Structure formats: C-alpha cells, structure tokens
Amino acid sequence: MPASGSPVRSLHTLAEILSQPEIWRASQRELSGNAAFQTAIANAPSRKEWLFTGCGTSFYLAEAAAASWTLLTGQRARALPASELLLFPRLSQLDAEGLQVIAISRSGRTSETVRAAELLSRKYNLPTLGVTCANDSDLAKACQLTIALPTADEKSMVMTRSFTSMLIALLQIAASQAATPSLSSSLESIASALSSRIQSFNERVESFVANHEFADYIYLAQGPFYPIAREGALKMTEMSCSYAQPYHTLEFRHGPKSVVAPQTCLTFFLSESGMEAESEVLVEMKELGGTIIAVCNRAPESVRRSADLLFELEAHAAELALLAPFIVSAQLLGFHTGVKKGLNPDEPKNLSRVVILD
Ligand code: F1P
C-alpha cells in the first residue's frame, strides 16, 4: 500500500520487467530469421568506426553498445545523443573513414533521433543502421537498414525490456565480428540464471524498499557498466520522481562521497575486470554510513559483508553479457520506490512515451 493509502494500479511495468529472460529468448528466435539482422552482421566487417546515437534510455543503450563494441572488436566506437549530432555536427567528427552509424529508438519516432539519422545518411552520406522495436517506423525510412524487435516493445512508458533486448541484439553483431562464441553461449546462460532468480530479486527489492527511507540514490560503475549506472539512475528518476545520480565508481571518492549518509542508497554495479578496486570503494562507503546495494556476478567476501542488499547472478557468462541482467535490479528498485510513493510507474509524471518536436 502506498503512502497515500490508495493502491497504485500499475498494470504493465512490473510484468514487463519480470518478462525479460523470456523476452530475450523470444527476441533471439525472432532475430535468427531476421534478414536485416543477418545483413548487418554480413556488412559489419567492411566498417572501421562506429557511431551510436539515440535519446534518453536509447542514448544510454548507445553508450553501452559503443563501449562493448570497442572491447569486443578493438575498433573505435562512440556514442552521442542525437541532439548533439543535430546541433554540433562538426564536433561529432563525421568524416572518419569507414564510419557506420547505428541509430536507436524503441518507438522509431523520436524526432531528434529520426532527424539525426536523416542528416547523417542524406547530407553526410553515411551508412545508417536503425535499431527499434517498431515495425514500419520513421526511423526505418531515414535509415538504409533497420532491425526491428517488436516482441521486446512495452505498453508501459518506461523502457525496460526494450533496453535489454536491443542491447543484446547489438552485442551479438559485435560478437559476430570478433568471432566470440563465448558471448552467444553466455546469452542463454544469463537468461536462465536470471529467470531462476528474478522472482526472488523482486521480493527482496520490495521488502528492502518497504523497510528503508532514502533521501537520494547514487549509481556507481566503471567501463561498459557505467552506462548501466546512468540507466539505473534514470529508472529511479522516471518511475519514482527521486533524485538519482550516476558516477564512475572510483570518481565518487573525489568529492561526491560528501553526500554519504544512512539515507543515501548506493547501488554498485561491480565489473569482473575492476572488482578489486571497485569493491574497495563499496567497503569505504559502507564505513562512511551509506546503505549499499551490490549487483555482481559473484561477490567476494568483502562485498558480501558490506552489502545491505546483494544481487548475485552466478551465471557462466562473458563479462559483457552481464550488462543486460545487471540493470534488472535497478529497474525493480525504481518500480517499487515509485509504488511506495503512491506513483504509477506505468505513467510517470511529466513524461510521454516519445518526444516529438515540431
Ligand atoms: C526515447 C525516450 C525514452 C524515455 C521517454 C521519451 O525513446 O527518451 O527513453 O523513456 O519517455 O523517449 P525512443 O526514441 O527510444 O522511442
């Protein structure tokens, strides 16, 4: 029951969050027969540099994809919000040889993203690949090739399963270039690890939220996980109208840690590559009195001792395959916090499903 006393009727968001392992598998089946997806894989080896773009959650997805791309293929890859491409195209260095654009939009209708794709393909003659959850979208008209994943679309306003499903599809294209069979087998492993744990994750988040009062929320991660921290903070802001800030984990010591108190909820997304250094920050923030959520594949003893809430996936998976399941606990935290405040996370205040400009 929310603080206001009247039950919140959220019909879609929670079901969509919980459906993710099953939706990832359905999206995989959809992609195996998807001609655009196969063409994107076939074309990838001829490209030398990658520019990902989108807005909001789709921009954080662009950031996660760009970081993963470089780690998997060794190629240059970067992400820019679509608005930057439109307002400061010269700053975006669009003349790189072999540059491939990937424009991401769940709705395929966000005007900044559609206009950026049009600008890059028509004025700059760059090859553009659209990634969306909509069939027959404006984005598809602006791009030369478009991969659509309608199965992953949501009824809710906030992006949850569309974010993870589009990210997994992009990881697969990068992995195909790098001939990384471990990533493909990891994808089944993360789906089954998450599906056996997601109900218990949900119950634990719900009771954690019921038993705590927080003034603000901090999300910490490094490397390809940093965009996951940005997306975690956005989920909290969108679904619960709370103050949430992301930082690089080790950057948090350089000033921002002054906010830490028991009413500060700090979520650490712990990478495997940076575990030792990142878990030291976690222990320090616990000693400063913060309330700690740890999200990792396998927790070392120090994390186990210091975390107030621990999510371990325990999957046999390549590190980059952990990006998608890691965001799920943050989606649940945003959802239950919103419900506790008497809000309906299906319809966040001041938001629309898509931003269309005149
Ligand atoms: C992008 C987006 C969403 C956000 C909001 C408005 O949409 O910024 O991430 O939740 O409600 O639109 P899209 O381009 O991926 O459809």
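The values are calculated or read from the model by the stated rules, or taken from the named source; none is laboratory data. The model shown is predicted, which means the values in this text are computed figures rather than measured ones. Note that we place each Cβ from the backbone using ideal geometry, even for glycine, and neighbour counts take in every protein chain shown.
Quick notes
- Number of the condition not met by E188 [criteria: (1) charged (D, E, K, R); (2) assigned to a helix (DSSP H, G or I); (3) closer than 27 Å to E280 by Cα]: (3)
- With respect to being touching a residue at least 12 places away in the same chain (Cβ under 8 Å), surrounded by 15 or more Cβ atoms within 10 Å (Cβ to Cβ) and over 23 Å from the mean Cα position of the chain (by Cα), K257 fits the description.
- All positions within the stretch 65-111 that are among the aromatic types (F, W, Y) and touching a strand residue (DSSP E or B) at 6+ places or on another chain (Cβ under 6 Å): W69
- Between F214, F163, F201, F208, the distinction of being more than 22 Å from V355 (Cα to Cα) and either within 16 Å of the ligand (Cβ to nearest atom) or outside any helix (DSSP H, G or I) (or both) belongs to F214 only.
- Of the residues in the stretch 266-288, at least one is away from the ligand (no atom under 16 Å from the Cβ), hydrophobic (A, V, I, L, M, F, W, C) and assigned to a loop (DSSP other than H, G, I, E, B).
Let's see how each residue does on (1) within 18 Å of Y219 (Cα to Cα); (2) more than 18 Å from the chain's Cα centre (by Cα); (3) not acidic (D, E):
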| position | (1), (2), (3) |
| --- | --- |
| N297 | yes, no, yes |
| P300 | no, yes, yes |
| V303 | yes, yes, yes |
| L310 | yes, yes, yes |
| E314 | no, yes, no |
| A321 | no, no, yes |
| S329 | yes, no, yes |
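- Boolean, S195 is surrounded by fewer than 24 Cβ atoms within 10 Å (Cβ to Cβ) and out of contact with any Ser or Thr (no Cβ under 7 Å at 6 or more places or on another chain): yes
- Restricted to the stretch 217-234, and to residues there that are in a helix (DSSP H, G or I) and aromatic (F, W, Y), the residue that is surrounded by the fewest Cβ atoms within 10 Å (Cβ to Cβ) is Y226.
- The condition (being assigned to a strand (DSSP E or B), among the aromatic types (F, W, Y) and more than 16 Å from the ligand (Cβ to nearest atom)) is satisfied by just one residue among W50, W24: W50.
- Taking the stretch 112-128 as the range and being in contact with a helix residue (DSSP H, G or I) (Cβ under 8 Å, 6 or more places away or on another chain) and either in a helix (DSSP H, G or I) or within 16 Å of the ligand (Cβ to nearest atom) (or both) as the test, the residues that pass are E112, T113, V114, R115, A116, A117, E118, L119, L120, S121, T128.
- For the stretch 129-160, filtering for residues that are out of contact with any strand residue (DSSP E or B) (no Cβ under 8 Å at 6 or more places or on another chain), touching a residue at least 40 places away in the same chain (Cβ under 8 Å), not small (G, A, S) and not in a helix (DSSP H, G or I) leaves 7.
- For the stretch 240-248, the criterion of being within 16 Å of the ligand (Cβ to nearest atom), at pLDDT 95 or above, under 22 Å from K340 (Cα atoms) and assigned to a helix (DSSP H, G or I) is met by at least one residue.
- Among the residues of the stretch 96-111, those identified as of a type in the set (A, V, I, L, M) and within 16 Å of the ligand (Cβ to nearest atom) are V101, I102, A103, I104.
- Of residues in the stretch 325-357 being more than 16 Å from the ligand (Cβ to nearest atom) and of a type in the set (G, A, S), the one surrounded by the fewest Cβ atoms within 10 Å (Cβ to Cβ): G342
- Taking the stretch 144-171 as the range and being surrounded by fewer than 19 Cβ atoms within 10 Å (Cβ to Cβ) and either among the aliphatic types (A, V, I, L, M) or over 18 Å from I17 (Cβ atoms) (or both) as the test, the residues that pass are Q144, L145, P150, M157.
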